[in-house]
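Chemist: First, the structure itself, so that you have it in front of you.
The values are calculated or read from the model by the stated rules, or taken from the named source; none is laboratory data. Since this is a predicted model, take the numbers as computed values, not measurements. Methodologically, a virtual Cβ is constructed for each residue, glycine included, from the backbone with ideal geometry; neighbour enumeration extends over all protein chains shown. Heavy atoms of the whole protein, side chains included, go into the accessibility calculation; ligands, DNA and RNA do not. Shrake-Rupley method; radii C 1.70, N 1.55, O 1.52, S 1.80 Å.
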Amino acid sequence: MSEENPAEGDHRRASIVTALREGVRRVDDLARACGVSTMTIRRDLRVLEQRNEIRRVRGGAVPVDAWTFGHRRGRSTAAKDVIAAKLRPLLPDRGGVGFDGSTTVHSLARLLKERPANDLTAVTTGFETFHELSGTPGCRAYATGGTADLHTGSLVGPLAEVTLRQFALHTCFLSATCLDDSIGSTEFTADEAAVKRALTAVSRRTVLAVDSSKLGRSAVAKCLSLDEIDILVTDLDPLDERLDPYRGLVDLL
């Protein structure tokens, strides 16, 4: 086997980063795109991770900035605006509510700032959502504490879960990495799934907000079954056929 020209390897690794930014995530797909073996791709991914250009995940990789809050907030903005508008009427003017650290739920927090509540107590696992809520009239905001999830930036771990157990909430507002009618909601990490289950456990009502691109898919960590979700809010019309698998199992908005 001839030794690879270093320039060829650098060019291929640059192509891999470009492909990851365009949404290609799996090792097999990257190998086909680059015309090399999966073993070569895995070696390249190790090099790129050491350079802090990508982060390997099960079955593939993602670019490092794919997980930054600003990057995620800039994706599917139209869908998030539609979802936030649907969520706002579900938010009580007083009492306790929970917010996860997702950009979808952050959109609701921003909308609340435009139309303040009267006497709302909000606890969140998101840094950015906490800062948004803490400047909102009529809202007393709490951040859970904990460690930042490397994939999402959300606060997770035992401290976050212990903090949540100190609250009795009316409604929690969550998003999900993916939602499937047979598996339920799933997340990229078990820690993220655990803290969302903790939010659900202290809430009388659970609202799950996901954009339609996440439907019919699954990630690696199981979170909520459909019978643990009271209301599913998407960017779709509730009568859209893409919501048929969930119809009758949860309320649709």
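Chemist: Is region 15-35 home to any residue that is open to solvent by 40 Å² or more (accessible area, probe 1.4 Å), of a type in the set (Ser, Thr, Tyr) and modelled with pLDDT of 90 or more?
Modeler: No: region 15-35 contains no residue that is open to solvent by 40 Å² or more (accessible area, probe 1.4 Å), of a type in the set (Ser, Thr, Tyr) and modelled with pLDDT of 90 or more.
Chemist: Hey, among the residues in region 151-180 that are in contact (Cβ under 8 Å) with a residue 40 or more places away in the chain, out of contact with any Asp or Glu (no Cβ under 9 Å at 6 or more places or on another chain) and part of a loop (DSSP other than H, G, I, E, B), which one's surrounded by the most Cβ atoms within 10 Å (Cβ to Cβ)?
Modeler: Among them, the one singled out is 167.
Chemist: Could you go through region 62-76 and let me know if any residue there is at pLDDT 85 or above and surrounded by 17 or more Cβ atoms within 10 Å (Cβ to Cβ).
Modeler: Within region 62-76, not a single residue is at pLDDT 85 or above and surrounded by 17 or more Cβ atoms within 10 Å (Cβ to Cβ).
Chemist: If residue 200 satisfies every condition in (1) within 19 Å of residue 82 (Cβ to Cβ); (2) surrounded by 17 or more Cβ atoms within 10 Å (Cβ to Cβ) but one, which is the exception?
Modeler: The number of the failed condition is (1).
Chemist: In region 204-218, what count of residues is obtained for those that are open to solvent by 20 Å² or more (accessible area, probe 1.4 Å) and at negative phi?
Modeler: Residues flagged as open to solvent by 20 Å² or more (accessible area, probe 1.4 Å) and at negative phi within region 204-218 amount to 8.
Chemist: Please go through region 200-217 and give me each residue that is without any contact (Cβ under 8 Å) to a residue 40 or more places away in the chain and in a helix (DSSP H, G or I), ordered by number.
Modeler: 200, 201, 214
Chemist: Taking the condition under 27 Å from residue 96 (Cβ atoms), touching a residue at least 24 places away in the same chain (Cβ under 8 Å), out of contact with any His (no Cβ under 7 Å at 6 or more places or on another chain) and open to solvent by less than 20 Å² (accessible area, probe 1.4 Å), does residue 236 pass?
Modeler: Values: under 27 Å from residue 96 (Cβ atoms): no; touching a residue at least 24 places away in the same chain (Cβ under 8 Å): yes; out of contact with any His (no Cβ under 7 Å at 6 or more places or on another chain): yes; open to solvent by less than 20 Å² (accessible area, probe 1.4 Å): yes.
It is false that residue 236 is under 27 Å from residue 96 (Cβ atoms), touching a residue at least 24 places away in the same chain (Cβ under 8 Å), out of contact with any His (no Cβ under 7 Å at 6 or more places or on another chain) and open to solvent by less than 20 Å² (accessible area, probe 1.4 Å).
Chemist: Still on this model: Out of (1) within 27 Å of residue 77 (Cβ to Cβ); (2) modelled with pLDDT under 95; (3) of a type in the set (D, E, K, R), what's the single condition that is false for residue 205?
Modeler: It fails just one condition, (2).
Chemist: Hey, could you check region 99-121 for residues that are assigned to a loop (DSSP other than H, G, I, E, B) and open to solvent by 30 Å² or more (accessible area, probe 1.4 Å) and say which is farthest from residue 83 (Cα to Cα)?
Modeler: Of the residues in region 99-121, the ones assigned to a loop (DSSP other than H, G, I, E, B) are 100-102, 115-118.
Checking the rest, the ones that are also open to solvent by 30 Å² or more (accessible area, probe 1.4 Å) come to 115-116, 118.
Details: 115: 16, 116: 18, 118: 22 Å.
Here the residue is 118.
Chemist: Might you let me know whether region 226-246 holds any residue that is farther than 26 Å from residue 77 by Cα and part of a helix (DSSP H, G or I)?
Modeler: Of region 226-246, the ones farther than 26 Å from residue 77 by Cα are 227-228.
Subset that is part of a helix (DSSP H, G or I): 227-228.
Yes: region 226-246 contains one or more residues that are farther than 26 Å from residue 77 by Cα and part of a helix (DSSP H, G or I).
Chemist: Considering every residue within region 185-199, establish whether at least one is touching a residue at least 40 places away in the same chain (Cβ under 8 Å), in contact with a strand residue (DSSP E or B) (Cβ under 7 Å, 6 or more places away or on another chain), under 19 Å from residue 142 (Cβ atoms) and in a strand (DSSP E or B).
Modeler: no
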